[in-house]
Amino acid sequence: MNDAWLLSELASAVGGRVDGDPDRRVRGVATLEDAGPDDLSFLTNPRYRPALASSRAGAILVGPAVRIEGRDLLVAPDPYLALAEILDRMHPQPRPAPGVSPDARIASGAMLGHDVAIGPFAVVASGARLGDRTVVGAGAVIGEGSAIGEDTVLRPRVVLYPGTRVGARCLIHAGVVLGGDGFGYATSAGTHRKVPQLGCVVVEDDVEIGANSTVDRGTLGETRIGHGTKIDNLVMVAHGVVIGPYGLLAAQAGVAGSTRIGSHVTIAGQSGAAGHLTIGDRVVIAAKTAVLSDVPDRSFVAGIPAVDHRTWKRSLALVKMLPELRSRLRALEERLAAIEARDKGSA
Amino acid sequence: MNDAWLLSELASAVGGRVDGDPDRRVRGVATLEDAGPDDLSFLTNPRYRPALASSRAGAILVGPAVRIEGRDLLVAPDPYLALAEILDRMHPQPRPAPGVSPDARIASGAMLGHDVAIGPFAVVASGARLGDRTVVGAGAVIGEGSAIGEDTVLRPRVVLYPGTRVGARCLIHAGVVLGGDGFGYATSAGTHRKVPQLGCVVVEDDVEIGANSTVDRGTLGETRIGHGTKIDNLVMVAHGVVIGPYGLLAAQAGVAGSTRIGSHVTIAGQSGAAGHLTIGDRVVIAAKTAVLSDVPDRSFVAGIPAVDHRTWKRSLALVKMLPELRSRLRALEERLAAIEARDKGSA
Amino acid sequence: MNDAWLLSELASAVGGRVDGDPDRRVRGVATLEDAGPDDLSFLTNPRYRPALASSRAGAILVGPAVRIEGRDLLVAPDPYLALAEILDRMHPQPRPAPGVSPDARIASGAMLGHDVAIGPFAVVASGARLGDRTVVGAGAVIGEGSAIGEDTVLRPRVVLYPGTRVGARCLIHAGVVLGGDGFGYATSAGTHRKVPQLGCVVVEDDVEIGANSTVDRGTLGETRIGHGTKIDNLVMVAHGVVIGPYGLLAAQAGVAGSTRIGSHVTIAGQSGAAGHLTIGDRVVIAAKTAVLSDVPDRSFVAGIPAVDHRTWKRSLALVKMLPELRSRLRALEERLAAIEARDKGSA
């Protein structure tokens, strides 16, 4: 069993190089604060540079531009990516042993792939299909006709409403609800009549969804989470929303019904987008933003309502200047009054 | 089995009329984008009018004011309401067959109405009463002494703390928690002592609550969700709140303790109201608003803190004008300085 | 059984005194609105003073500065704290009877303390340790190697990912997820690669966490919730966050990764803090605030982005004055133009 790693070996694994002793051995990875002499630590955020001096780490993973005297360095082109690779290598995540708990209830019409693992008190309804090596956590509920792709992992207590489709290699965390009814009512004479929600949720491959997040089914069509998109905890994706590939939605973000979001879009924490909007590719939405109109490709927006990030910053600066502007206005009034008084006197 | 519908038949069902061929048959409903020649589509939001030209839909459901050449139209007084009615007619929602799963645990003191359906791994505690035809999803937990009205549906994994009362014809989505403790502490010398939360949650008839939302019990009295109110996902209703009939609370909204909300109030997404407030009837609260003081009937408020919606818009416009105001101020200063300099020279 | 309480007896229990009849008996506690002649009511928030006149309460719990004619008063140094003490005394919370449900699945390697109570369909994995008198609600899932301290109560459907540690006397509400993966990805060529999340969550003693809240595990180290901290519903605490003792986090608040929060910090509802920040001791963060930079001890901040609370209020006031400032600017321009015109005429 490999419990110590040569720096040179890790460097070649991540396409990097060693600056110092290539035969230095490390046994684990830890933060600068927690690392001991047997640990590799890392400096991927310059904010933590001050912690370097007192760190007891045996070696430091850094980016190409970083110089540190008297330390054995593992220099990687992208040190945060290298960190992910090294942690994967040192800590391969165990999969639960295949097998269906005798306490799970699998409907006779469900189709299970090879080597699935299903925990106790999970429920798999009729017509559901589970790909090879899927993992269904304790107490999860897989509704009728749902489909789950290969190697996808559902943590405990995930609920898939009927007809939900989840792709391959997804990771769905505890408490997530996929396929609940969209929030659609026809209001007539003050009474809200439910519009039947007949569509579904489609989660493409390689998606991760954080704990207790919810994705509602489309009214008629799909709500779709694109390939490689990552969603944090307590996020709300409403009915009929389409999120393109490689999105990032941070915690407590929300997207209202029928909004279409392009590829590689980042939505920071506690931000929201109104319904029926089009948000382009590679857009970045700052934290706590309210997007109330369409956003073109490659924009960086902030504010309530969202505007270009620089406009938002300028507005903030001008609001800060308001006391000064008011003083200058008052001074002008006094100077002008003095001129007027004198003119009047001389008239 | 009815799998095709005459336009004339649907028109009479929704109190509308056909503009075009009344004998046109449709087999389903789809969005303008997805509809084929056998489908009825709809134009309920003018934003989607451009999609009409290329739609392959066989017929279009529209409101009275809409004119479209060369299409068979179903003209309804309220097309969105008609859409709800047509979908209900075409897709009657199946109820699960009555029966109690052998894997559910029903306490001996629980009272079950006729034709209830209880899923596997559900728990119904002593003293709980379930009305006729109630549905309790897999893994739901119904606490002691709770009561659920007729025809109410609890999706999987709903939790009702002891003493929670839910009315008739409600729909409670997966992961909802009703009756958790209110967030009440008496802080003394820096330590937070829990104030016992002894009240309950009352959900009146015809209420829908979205996935993973939470409603806390009152400290002593009730937290009450009024008749016909619809609540979206991930909404928080705190202890002692009273929400009147026919409210609409969109996703991730939150209402703090003891606030009273009138009837027909709309709270848009990610908005919040502070505690101990009174919010009148027919109030509309825009998205991302923070209500920090009482709101009179029929107000439309926005902003942090909330103000009248027009005031909020005017403030936004004025903040946008700040660069211009600053330029004008600077120009005034220069002109005044010029006058002062000349006056001085001429003195 | 004690079902009536002398005012004098309650007064001595809370270190207070009776102003009126010490032999007055009360049988319960109710709000001013709901109380009858046998009830003690309370005035802990001056906002409710108008309800006093019409209250039918037999006696009123008040603070030292409050005078009310013609009422029997229980005067306590801290009436809200006294309310908590009196409610605890009148309504001691029953614990479920000890015992493990035959429908719970306890792994052979789990260690259970004395007098634990475990509900149906709960799952306790191998290596988990449950302290004496812990309560595990129906459907809760305790992951491998987790540890729960004495007298801690987990409500139904709580999920502890493997390796989570919860202290003594904690109360974790339904639907809470502790130990989910942090939201960490290394983005390379537009693809998000998961950074393995190998740390854990540590919840210290006397912590309460509200329904459906989530706390993610650290990437390498801990996410830590300090002693006596109280967390409301639908709150998100991200990976590597440290919250000091005696914090209060209201509903729908969120704290991003690696931020460190001092002791006795209050975060009001729907507020958020960005990642990698330091927030000092005894800080108060107003509702709907976005903290984007470090906050020193004892600050009271508000706004997006957060600034000192007084600065925020001043900015709001100045923005409200903008129409007036604009009018004054316009008046100045006219007066100056008049002077310039006259000067020109006289030149």
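The values are calculated or read from the model by the stated rules, or taken from the named source; none is laboratory data. It should be emphasised that the depicted structure is a prediction, and the values quoted were computed from it without experimental measurement. Neighbour counts are summed over all protein chains in view; Cβ atoms, including those assigned to glycine, are modelled from backbone coordinates with ideal geometry. Accessible surface areas use protein heavy atoms only, side chains included; no ligands, DNA or RNA. Shrake-Rupley method; radii C 1.70, N 1.55, O 1.52, S 1.80 Å.
Between B:Thr311 and A:His276, the FRET efficiency from the beta-carbon distance, with R0 = 22 Å, is close to 0.25. Size descriptors for segment B:196-347 (Cα atoms only): Rg and Dmax, in that order, 23.6, 85 Å.
Dimensions of segment B:288-332 along the principal axes, based on C-alpha atoms and rounded to the nearest Å, stand at 45, 16, 14, largest first. Of the residues A:Ala168, A:Leu336, A:Ala84, the one whose Cα sits farthest toward the positive end of the charge dipole of chain A, with +1 on the Cβ of Lys and Arg and -1 on the Cβ of Asp and Glu, is A:Leu336.
Dividing the helix sum by the residues of chain B, where each DSSP H run of 4 or more adds -39500 (n - 2.57), gives a mean residue ellipticity at 222 nm of -5500 deg cm²/dmol. In a reduced charge model with +1 at each Lys and Arg Cβ and -1 at each Asp and Glu Cβ, the protein assembly as shown shows a dipole moment near 2940 debye about its Cα centre.
Of the residues A:Leu220, A:Leu329, A:Leu318, which exhibits the maximal mean-square fluctuation in a Gaussian network model of chain A defined by a 10 Å Cα contact cut-off? Residue with maximal mean-square fluctuation among A:Leu220, A:Leu329, A:Leu318: A:Leu329. Between A:Ala51, A:Gly63, A:Gln93, the Cα set farthest toward the positive side of the dipole of segment A:13-133 (charges on each charged residue's Cβ, about the Cα centre) is that of A:Gln93. Sorted from closest to farthest, the other copies place their C:Gly109 label points 4.0, 4.0 nm away, with each point set 7 Å from Cα along Cα→Cβ. What's the center-to-center distance, using Cα atoms, between segment B:30-96 and segment A:128-202 in Å? Each part reduced to its Cα centre gives a spacing of 26 Å. Just the number, please: percent antiparallel of the DSSP beta bridges in segment C:240-347, rounded to the nearest 5. Around 10 percent antiparallel, to the nearest 5.
Dipole magnitude for segment B:203-302: computed about the Cα centre from +1 point charges on Lys and Arg Cβ and -1 point charges on Asp and Glu Cβ, it is near 260 debye. Annotation: the antiparallel percentage among DSSP beta bridges lying fully within chain C is about 15.
Along the axis of the charge dipole computed for segment C:218-347 (Cβ charges of +1 for Lys and Arg, -1 for Asp and Glu, origin at the Cα centre), the listed residues C:Leu322, C:Ala290, C:Thr278 are led at the positive end by C:Leu322.
Cα centroids of segment B:242-264 and segment B:268-347: 27 Å apart. A DSSP coil position with no more than 12 other Cβ atoms inside 10 Å describes the following trypsin sites (Lys or Arg not before Pro) in segment A:47-100: A:Arg67. Look at the alpha carbon pairs under 8 Å that are at least 6 residues apart: their mean separation over the length of segment C:194-238 gives a relative contact order of 46 percent. Placing A:Glu333, C:Glu222 in order of accessible area, with the largest value first and a 1.4 Å probe, yields C:Glu222, A:Glu333. Across the identical copies, the label point of C:Gly20 (7 Å from Cα in the Cβ direction) is separated from its matches by 7.4, 7.4 nm, in order from shortest.
Listed by chain and number, the lysines whose alpha-carbon sits under 22 Å from that of A:Lys344, ignoring those within fewer than 8 places in the same chain, are B:Lys344, C:Lys344. For the segment B:335-342, counting C-beta atoms of other chains within 10 Å of every residue's C-beta and taking the mean gives 4. Of all lysines in the structure, the ones whose alpha carbon falls short of 23 Å from that of B:Lys194, not counting any fewer than 8 places away in one chain, are C:Lys230.
Taking other residues whose beta carbon is less than 13 angstrom from the beta carbon of C:Leu249, and scoring Lys, Arg as +1 and Asp, Glu as -1, yields -1. Over every Cα atom in the protein assembly as shown, the radius of gyration and the widest Cα-Cα span, Dmax, amount to 31.3, 105 Å. Surface listing: A:Tyr80, B:Tyr185 arranged by accessible area from highest to lowest gives A:Tyr80, B:Tyr185, probe 1.4 Å. Based on Cα contacts under 8 Å between residues 6+ apart, chain C shows a relative contact order of 6 percent.
Write down the Å³ per residue value for the convex hull defined by the alpha carbon atoms of chain C. Numbers along the way, then the final one.
Numbers: hull volume 76.0 nm³, N = 347.
Considering the Cα atoms of chain C, their hull volume per residue is 219 Å³.
Think of each Lys and Arg Cβ as +1 and each Asp and Glu Cβ as -1; about the Cα centre, that makes the dipole of chain A roughly 1320 debye. Using R0 = 35 Å, the C-beta based FRET efficiency linking A:Ser8 and A:Arg47 works out to 0.75. Looking at segment B:77-207 alone, DSSP beta bridges between its own residues are antiparallel in about 15 percent of cases. Close amide H contacts of B:Ile118 (hydrogens built in the peptide plane, cut-off under 5 Å, sequence separation of 5 or more or a different chain): B:Gly99, B:Val100, B:Ser101, B:Val136.
Over segment A:97-214, the Kirkwood radius and the radius of gyration, each from Cα atoms, give a ratio Rg/Rh of 1.05.
Summed over all non-identical Cα pairs, the Kirkwood treatment of segment B:1-143 gives a radius of 17.7 Å. For the chain pair A and C, the buried solvent-accessible surface (1.4 Å probe, both sides summed) amounts to about 5200 Å². With a Förster radius of 25 Å applied to the beta-carbon distance between C:Ser327 and B:Asp343, the computed FRET efficiency rounds to 0.40.
Taking 21 Å as the straight-line reach from the Cα of C:Lys320, the lysines in range (excluding those fewer than 8 positions away in the same chain) are A:Lys313, A:Lys320, B:Lys288, B:Lys313, B:Lys320, C:Lys288. Plainly put, the tip 7 Å out from Cα toward Cβ on B:Arg310 is 3.6, 3.6 nm from that tip on each other copy, the closest given first.
Mean separation of Cα pairs under 8 Å and 6 or more residues apart, divided by the residue count, gives segment C:6-108 a relative contact order of 25 percent.
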